[in-house]
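The values are calculated or read from the model by the stated rules, or taken from the named source; none is laboratory data. Bear in mind the structure is a predicted one, so any value in this text is a computation, not a measurement. So basically every Cβ, Gly included, is an ideal-geometry build from the backbone, and we count neighbours across all protein chains shown. Ligands, DNA and RNA are excluded from the accessible area calculation, which covers all protein heavy atoms including side chains. Shrake-Rupley method; radii C 1.70, N 1.55, O 1.52, S 1.80 Å.
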Amino acid sequence: MKIGTRIEASPCRLCGGKERQVLATRGRGMEPLTTVVCRGCGLVSHHPLPDPEEVAAFYATRYRVAYKGGWEPKRKHALRALRGAIARAGRLAPLLPAGGRVLDVGASSGEFTYVMQRAGFAARGIEPNQGYGEFARRTYGVAVETGGLAEAAVAPASLDLVTLNHVLEHLADPWDALRRIGGWLAPGGLLFIEVPDLSGVRKQAANTFHGAHIWNFTPQTLVLLAWRQGFVPLSAEDAAGTSVVFRKRRPGDAPSAGAGPELAERLLRQVATAGSPLAYLLSGAPFTRRAARLRRNIEERITCARHATVRAMADAVITAAGLPTRRREDPIRLDAAA
Ligand SMILES: [Zn+2]
């Protein structure tokens with residue numbers, strides 16, 4: 001199938017449209033991978049969509065081996081995850097009540113769960129990969145359960161925050177995931193989602209699309225999906241990117257515009273113009289990127305070598321960064337006030 005080819009498919013779950021257009025025929029590492037955009041709304045996905053059972057089996061066993069080269073995170077990956085977790089915790093902690101109940105879905109090696117626990121929240125996680133779940137429990141002593149979202153035992157209305165950090169794009173059924181999470185959240189509860197942002201991507205198409213990313217979101221399609229499943233961004237600032245804090249929808253909330261045929265057109269143009277390997281080379285981006293990666297690797301090696309264990313390293317990095325804190329007053333409970 002050629003780039004730009006129009007195909008008929010089953011109704012889009014976001015807009016009901018049946019027409020897709022091929023955005024790319026290769027993924028990372030030049031693997032054959034057909035990615036399409038819905039002409040009706042701009043939602044980008046694999047084509048055909050994978051079988052949900054195959055996806056579940058893949059994450060239970062093969063995923064980390066395929067993409068990270070082992071069953072356990074290397075120390076530098078744990079360090080990187082920890083730094084991301086500290087930044088996320090710093091953003092989310094001020095929005096939570098004292099002792100807030102937090103669930104990290106796709107908890108990976110457990111760093112976010114650990115940082116939130118250290119900050120005084122009742123944090124736990126679920127992680128489908130057995131090796132990573134075991135690592136999280138053993139290394140940080142956190143409550144990370146092995147399993148997928150559909151098997152998770154969570155009482156209705158029992159959580160103040162659910163986080164999905166680079167998880168939604170991997171799920172066979174994001175609609176089902178958000179519906180379940182909506183049931184788990186207590187009144188005033190929040191949902192944090194971060195996914196890669198397809199808009200503005202200037203990399204080669206071959207580096208953009210990923211065999212494990214079934215869905216490729218833009219801010220517009222992410223917000224529309226969340227709206228359909230009962231959520232709205234907490235602020236306009238949130239809605240501008242693909243790292244978003246959502247709250248539950250209330251009467252009077254309006255859906256945001258932006259997902260539609262124009263978005264599909266824009267993405268088609270973007271991929272067409274970003275695709276040239278020569279343009280990419282001439283942009284200087286590969287060199288800047290390589291230099292930045294080298295600097296990061298050196299710094300990480302030094303930090304990793306300084307500590308005897310991953311846990312000791314994590315504790316030192318958290319202490320140096322300072323624990324995330326809540327605001328002095330409890331946040332206004334939006335849903336309760338409505
Ligand atoms: Zn659509």
| task | Please give the contour-minus-distance gain from Arg6 to Asp173: 0.36 nm per residue of separation, less the Cα-Cα distance, rounded to one decimal in nm. | result | 57.7 nm
| query | Among Trp215, Trp71, what's the order by accessible area (1.4 angstrom probe), most exposed first? | reply | Trp71, Trp215
| request: Using a 1.4 Å probe over the heavy atoms of the protein chains, calculate the carbon and sulfur portion of the accessible area of the chain as a whole percent. | output: 55 percent
| task | Note down the nm distance, to one decimal, between modelled labels 7 Å out along Cα→Cβ at Thr61 and at Ala157. | result | 4.2 nm
| task | Give me the percent of DSSP beta bridges within the chain that run antiparallel, rounded to the nearest 5. | result | 55 percent
| query | Under a Cβ-Cβ limit of 4.7 Å, which cysteines in the chain have nobody to pair with? | reply | Cys304
| said: Testing the spin-label approximation: label points 7 Å from Cα along Cα→Cβ at Leu282 and Glu19. State their distance in nm. | reply: 3.3 nm
| field | Pairwise FRET efficiency - Arg296 versus Asp253, Cβ, R0 = 45 Å, nearest 0.05 | value | 0.65
| query | In nm, what is the difference between 0.36 nm times the number of residues separating Glu31 and Ala308 and their Cα-Cα distance? | reply | 95.8 nm
| task | Using a 1.4 angstrom probe on the protein heavy atoms only, line up Tyr59, Tyr132 by accessible area, largest first. | result | Tyr59, Tyr132
| Under Karplus coefficients 6.51, -1.76 and 1.60, residue-wise ³J(HN,Hα) of the range 149-156 in Hz, glycine/proline x | 4, 5, 8, 4, 8, 10, 6, x
| field | Proximal charge balance of Ile126 [Cβ under 11 Å; K/R count +1, D/E count -1] | value | -3
| note | Surrounding charge for Leu103, neighbours by C-beta under 12 angstrom, Lys/Arg +1, Asp/Glu -1, total -1
| query | Counting only heavy atoms of protein chains, what accessible area per residue, in Å², does the chain have with a probe of 1.4 Å? | reply | 47 Å²
| request: Starting from the residue with the highest accessible area, list Glu299, Glu134, Glu8 in decreasing order, probe 1.4 Å. | output: Glu8, Glu134, Glu299
| Val36 accessible area, 1.4 Å probe, all protein chains in place, Å² to nearest 10 | 0 Å²
| So what is the 222 nm mean residue ellipticity for the chain from helices alone, if each DSSP H run of at least 4 adds -39500 (n - 2.57) and you divide by all residues, rounding to the nearest 500 deg cm²/dmol? | -11500 deg cm²/dmol
